[in-house]
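Reading through the structure tokens given below for one structure.
The values are calculated or read from the model by the stated rules, or taken from the named source; none is laboratory data. Just so it is clear, the structure is predicted and the values come from calculations on it, not from any experiment. Neighbour counts are summed over all protein chains in view; Cβ atoms, including those assigned to glycine, are modelled from backbone coordinates with ideal geometry. Side chains included, ligands, DNA and RNA excluded: accessible areas come from the protein's heavy atoms. Shrake-Rupley method; radii C 1.70, N 1.55, O 1.52, S 1.80 Å.
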Amino acid sequence: MRITFGGTFQHHHHHRKYAVMSENIEIDNDGIEQVSLKQYAEKAYLDYSMYVILDRALPHVGDGLKPVQRRIVYAMSELGLKASSKYKKSARTVGDVIGKFHPHGDSAAYEAMVLMAQNFSYRYPLIDGQGNWGSPDDPKSFAAMRYTESRLTAYSEVLLGELGQGTVDWVPNFDGTMNEPSVLPAQVPNVLLNGTTGIAVGMATDIPPHNISEVVAATIHLLENPKSTVAELCEHVQAPDFPTDAEIITPREEILDMYQSGRGALRMRAVWEKEGSDVVVNALPYQVSGSRVLEQIAQQMQARKLPMVADLRDESDHENPTRLVIVPRSNRVDLDSLMSHLFASTDLERSYRINLNLIGIDGRPGVKGLDVLLKEWLKFRTETVRRRLEYRLERVERRLHILEGYLVAFLNIDEVIHIIRTEEKPKPALMKRFKITDAQAEAILELKLRNLAKLEEMNIRAEQKELEDERDSLKKTLGSAARLKTLIKNELKAVVEKFGDARRSPLVERDEAKAFSELELMTADPITVVMSEKGWIRAAKGHDIDPTSLSYKSGDAYKMSALGRSNQPTVILDSTGRAYTIPSHNLPSARGQGEPVTGRINPPSGASFEGLLMGPEETLCLLASDAGYGFVAKLGDLQTKNRAGKAAIKLPKGGKVLQPALIQKVAGAWVAAVSNEGRMLLFPLEELPQLPRGKGNKIISIPPARVQSRDEFVVAVQVLEETDALVIHSGKRHLTLKGQDLKHYRGERGRRGNKLPRGFQKVDEMKVES
């Protein structure tokens, strides 16, 4: 091929099977055609893609096979490898396939053959193999074709049984020396039964396997009620049915949608049971390898993602093809949530794409819903049966014609013998004398002498009677659509009678699998989170440490601390009233000086940190500003994933955030608030509202102007139970008030409160002692 300067290709005319474009071709005097490069590339690519779609990757609706599979099955039947014959080396079949019908690589043909023999890949295998044909763990571990032997299964008869009966069109093979069937006369919708996957050009197919009893029941229903909807057909076809006992967990509505549109997805989940305290997995999803699943679990164990699993074992053997044992650390491990995590994070649960794309009876590829697909198959089947009956009728009539000739000869046997002995050309003489046709005369001349015995006439008349009955019955069936329908229906039932079996993949409704979050995998160790004046944060193990005794950078000092557990987040309040959340499990250790908390959150510039809280989400706390307003908040409402935090306390003009107080329980609790002028007020906590955020209600009365000028403000708030004592620190002295002493300070919410004793009116700190 040459490129000329016009940007065109030149090449000699040659015939292509898939001619797509032939216009605008100029042929010059030398018989060389000129084609523009664009046109040539377009045509070449289109031809190629049509070839891949029609002759390689997609199955035909009639027999559900791709060309390579059809050729393997046909070549094996030609080699006489029926289910009842002896096994023969697979290499003989592959040699025949690639030498006679399929001019491609031997390994590709053998791999296609292996797939049809694997009972864990095919729901109804077409090939019966002897030797190593791979295992569910590693389907590609099969032995070479020079070692394995094979023959067809009994089920393959469903595809091949009617082949020699004029049922399908025959086409020349690749070199034109012999013919091959263009499609096999399948007696059931094999395209759904064994499923297939294929990648063509610009399209793919993923058809899952199904149960023969279900599919045939739906086909018969459609035959009797041609207007059936997909929903009615799905009364029979529950879902795909894989050659594994794993569960199909896709909801029914999604399965219906999938059959309606021909596209969708399906989820399968492994089946497990409790044995003692161990988990035993005894069925894996379709095409999932047990060893791969064990690798995935082991990887998580090494990465410390599965602290609750102690050991893994693969106990699969011939009796139990799948038996994976997962041993938990203790009998306190929640097996359901462990398995839910494994379903979410390993191949123990798997999703399958479904795309019912196949070549229809019009020879075009397309995605078809269940109803369209079965309708097309029934059309194909009806045509196949009609052709079979017509072929048989023609054979019967030909034989009856010859039998008539035989009877003429028997009735005039002596004259016939005389003509044969005396005439030079006995055939025309016989035809003239007895008014018989060429075929009849030829048959008479071919008669053996032993067939002239007396009893032969009886045999001929008996055969004639039998064939005439058969002829009438065939004509009746061909002449009546209802009879043809009944015949097809009975033949479908007969196939199910022989090959039908129970569903293998159960349909089960399950909750969605959830993987463990980082928090759930952590242990809940007690910790004390400590914050310094300058905003450096760290976490010490345990609750009995004295945070003031830790070492601080020069110019820095202890500010506040909170007690909690490592799996609880730390909530920080800043001076603008915003709340921030940081995970506690990865805070720096208190053995060092910590790190600036601004590395983990983004507070507004100039803000300082005023509050530190820890505990379960439902923990309640009292949030207050020193302007004397506050409310009860739930810790969960203050949590946020946002680095910039979320608004929590709305500050009145001039007000500042106070360190929040934790609440054990609301009922019977009291709020104590003390101002810088030494006034203290106690009132029931129930009088404050619970809010997610806001300014809150008045706790103690302070005139707003005095807050703005910072003359008067709240120093501290606390929450205490009826039996608790309140300790007031003033300089080096402290005062403990309890029971009767506190009654003096009780009042309604929002009052001015009563003055503390002299010497304790300048309050530095207020603590609760139980």
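Restricting the calculation to Cα atoms, the chain yields a radius of gyration followed by a Dmax of 44.2, 160 Å.
Which value, in debye to the nearest 20, describes the size of the charge dipole of segment 693-735 about its Cα centre when Lys and Arg Cβ atoms bear +1, Asp and Glu Cβ atoms bear -1, and nothing else is charged?
On the way: 7 positive and 5 negative charges, 64 e Å.
Here the size comes out at about 300 debye.
In terms of its C-alpha gyration tensor, segment 403-461 comes out prolate, because a/c is 1.5 or above and the ratio a/b outweighs b/c.
For n ≥ 4 DSSP H runs only, could you compute -39500 (n - 2.57) per run for the chain, divide by its residues and tell me the 222 nm figure to the nearest 500? The partial results should precede the final answer.
Values: 21 runs with 236 residues, N = 770.
One gets -9500 deg cm²/dmol as the mean residue ellipticity at 222 nm.
Per residue, the accessible area of the chain comes to 51 Å² when a 1.4 Å probe rolls over the protein heavy atoms.
Cross-link partners of residue 493 among lysines, defined as those whose alpha carbon lies under 20 angstrom from its own and excluding same-chain residues fewer than eight positions apart: 375, 379, 485.
Residues whose amide H falls under 5 Å from that of residue 610, counting only those 5 or more places apart or on a different chain, are 573, 574, 575, with hydrogens built in the peptide plane.
In percent, what relative contact order does the chain have, based on Cα pairs under 8 Å that are 6 or more apart in sequence? Could you put the intermediate results ahead of the total?
Working: 1472 pairs, mean separation 62.4, N = 770.
That works out to 8 percent.
Coordinate range of the alpha-carbon atoms in segment 608-702 per principal axis, descending: 39, 32, 18 Å.
Show 538, 392, 350, 146 ordered by accessible area, largest first, where the area counts protein heavy atoms only and the probe is 1.4 Å. Walk me through the numbers on the way to the answer.
Working: 538 5, 392 100, 350 75, 146 150 Å².
If we order 538, 392, 350, 146 from most to least accessible, we get 146, 392, 350, 538.
Here's how it looks for residue 503: its modeled amide H is under 5 Å from none belonging to a residue 5 or more places away or on a different chain. Could you tell me how many degrees, from 0 to 90 and to the nearest 10, lie between the Cα long axis of helix 456-479 and the main elongation axis, the longest principal axis, of the Cα atoms of the chain? Roughly 40 degrees between the two axes. With everything on Cα atoms, drop me the angle between helix 370-411 and the longest principal axis of the chain, reported from 0 to 90° to the nearest 10. Tilt relative to the chain: about 10 degrees. Legend: distances between Cα atoms for 66/100; 427/448; 650/698; 641/698; 541/641; 227/368; pairs beyond 23 Å are 641/698; 541/641.
Extents of segment 198-346, largest first, come to 59, 38, 30 Å (Cα atoms, principal axes, whole angstrom). Within the same chain, lysines fewer than 8 places from residue 305 are excluded, and of the rest, those with a Cα less than 16 Å from its Cα are 514. If you keep only loop residues by DSSP, which GluC sites (Glu not before Pro) in segment 446-552 have at most 16 other Cβ atoms within 10 Å of their Cβ? Passing sites in segment 446-552 are 509, 512, 533.
With all protein chains in place and a 1.4 Å probe, the accessible surface of the chain carries 50 percent carbon and sulfur.
Largest accessible area first, the listed residues 629, 391, 286 line up as 391, 629, 286 when surface is computed with a 1.4 Å probe on the assembled protein chains.
If only the Cβ of Lys and Arg carry +1 and only the Cβ of Asp and Glu carry -1, the dipole of the chain around its Cα centre is close to 2520 debye.
Taken one residue at a time, the phi angles of segment 163-175 give Karplus couplings (6.51, -1.76, 1.60, θ = phi - 60°) of 5, x, 10, x, 7, 10, 7, 10, 10, x, 6, 4, 10 Hz. Gly and Pro are set to x. Relative to the first principal axis of the alpha-carbon coordinates of the chain, what is the inclination of helix 252-261, with its axis defined by its Cα atoms, in degrees from 0 to 90 and to the nearest 10? Taking the Cα atoms of the chain, the angle to 252-261 is about 50 degrees. Relative contact order of segment 306-402, taken over Cα pairs closer than 8 Å and 6 or more residues apart, is 13 percent. Remark on residue 538: its backbone amide H falls under 5 Å from those of 530, a criterion applied only to residues 5 or more positions apart or on other chains, H modelled at 1.01 Å from N. Remark: segment 666-672, residue by residue, has Karplus-estimated 3J(HN,Hα) of 6, 4, x, 8, 10, 9, 10 Hz, where x stands for each Gly or Pro and the curve is 6.51 cos²θ - 1.76 cosθ + 1.60 at θ = phi - 60°.
3J(HN,Hα) along segment 603-613, derived from phi through the Karplus expression 6.51 cos²θ - 1.76 cosθ + 1.60 where θ = phi - 60°, amounts to x, x, 5, x, 6, 10, 9, 10, x, 9, 9 Hz, with x in place of Gly and Pro.
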